[in-house]
């Protein structure tokens, strides 16, 4: 639905997209207080929103092409913040803030932006209905699956700069690799959801024990 008084399109899918953005930004504020369990919970909720907003959008057959294109742009902009910037900020707040770390974060962000711009271009130019059945390069929300595992290792083993640097470098470069990755099936999404839940539970246990 297009509002007469303010710009943008307002529907359930876009509301879920923006909710994910809010959760991701909150993850930064919470990480600054040292509560990494709650921070990863917020980031996991952001990933959940990203996994569901597209399904909600596709379930609305009455949406115009303009509003659907707006949804694609909004999703990518929110993804850039949630999964391109926020993970770097959380790692920085965890103490991984050396010169090499910052250079890797910048590279990570640039690769993430490149990947999202390429996705939007493919959706607009190569697809008649803005629907993509594959990804080119690693999807940027993948960072929300890697970071909780890194945080678990950090909380158990202490400061591990090399591990974080390798992870951000490999994932960042993965964003711009010209490889076709099929969109995950329902079963694959269920497995990823269980994995994210297991990470959050593990973080909660570690938080309580410490």
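When you go through 174, 95 one by one, which is the residue that is touching a helix residue (DSSP H, G or I) at 6+ places or on another chain (Cβ under 9 Å), surrounded by fewer than 21 Cβ atoms within 10 Å (Cβ to Cβ) and at positive phi?
Sole residue among the options that is touching a helix residue (DSSP H, G or I) at 6+ places or on another chain (Cβ under 9 Å), surrounded by fewer than 21 Cβ atoms within 10 Å (Cβ to Cβ) and at positive phi: 95.
Could you tell me whether residue 25 is in contact (Cβ under 8 Å) with a residue 12 or more places away in the chain, surrounded by fewer than 21 Cβ atoms within 10 Å (Cβ to Cβ) and either under 29 Å from residue 152 (Cβ atoms) or in contact with a helix residue (DSSP H, G or I) (Cβ under 8 Å, 6 or more places away or on another chain) (or both)?
yes
Conditions (1) under 11 Å from the mean Cα position of the chain (by Cα); (2) closer than 18 Å to residue 144 by Cβ; (3) at pLDDT 90 or above, marked per residue:
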{"residue": "4", "(1), (2), (3)": "no, no, no"}
{"residue": "14", "(1), (2), (3)": "no, no, yes"}
{"residue": "19", "(1), (2), (3)": "no, yes, yes"}
{"residue": "22", "(1), (2), (3)": "no, yes, yes"}
{"residue": "26", "(1), (2), (3)": "no, yes, yes"}
{"residue": "32", "(1), (2), (3)": "no, no, yes"}
{"residue": "39", "(1), (2), (3)": "no, yes, yes"}
{"residue": "48", "(1), (2), (3)": "yes, yes, yes"}
{"residue": "59", "(1), (2), (3)": "no, no, no"}
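Does residue 146 satisfy the criteria of being under 19 Å from residue 160 (Cα atoms), out of contact with any helix residue (DSSP H, G or I) (no Cβ under 7 Å at 6 or more places or on another chain) and surrounded by fewer than 23 Cβ atoms within 10 Å (Cβ to Cβ)?
So residue 146 does not fit the description; no.
Could you tell me which numbered condition residue 71 fails, if it satisfies all but one of (1) buried (at least 19 other Cβ atoms within 10 Å of the Cβ); (2) out of contact with any strand residue (DSSP E or B) (no Cβ under 9 Å at 6 or more places or on another chain); (3) closer than 24 Å to residue 10 by Cβ; (4) modelled with pLDDT of 90 or more?
With (1) buried (at least 19 other Cβ atoms within 10 Å of the Cβ); (2) out of contact with any strand residue (DSSP E or B) (no Cβ under 9 Å at 6 or more places or on another chain); (3) closer than 24 Å to residue 10 by Cβ; (4) modelled with pLDDT of 90 or more applied to residue 71, the lone miss is (2).
The values are calculated or read from the model by the stated rules, or taken from the named source; none is laboratory data. Keep in mind it's a predicted model, so treat the numbers as computed, not measured. As a convention, Cβ positions derive from the backbone with ideal geometry for all residues, glycine included, and neighbour counts pool all protein chains shown.
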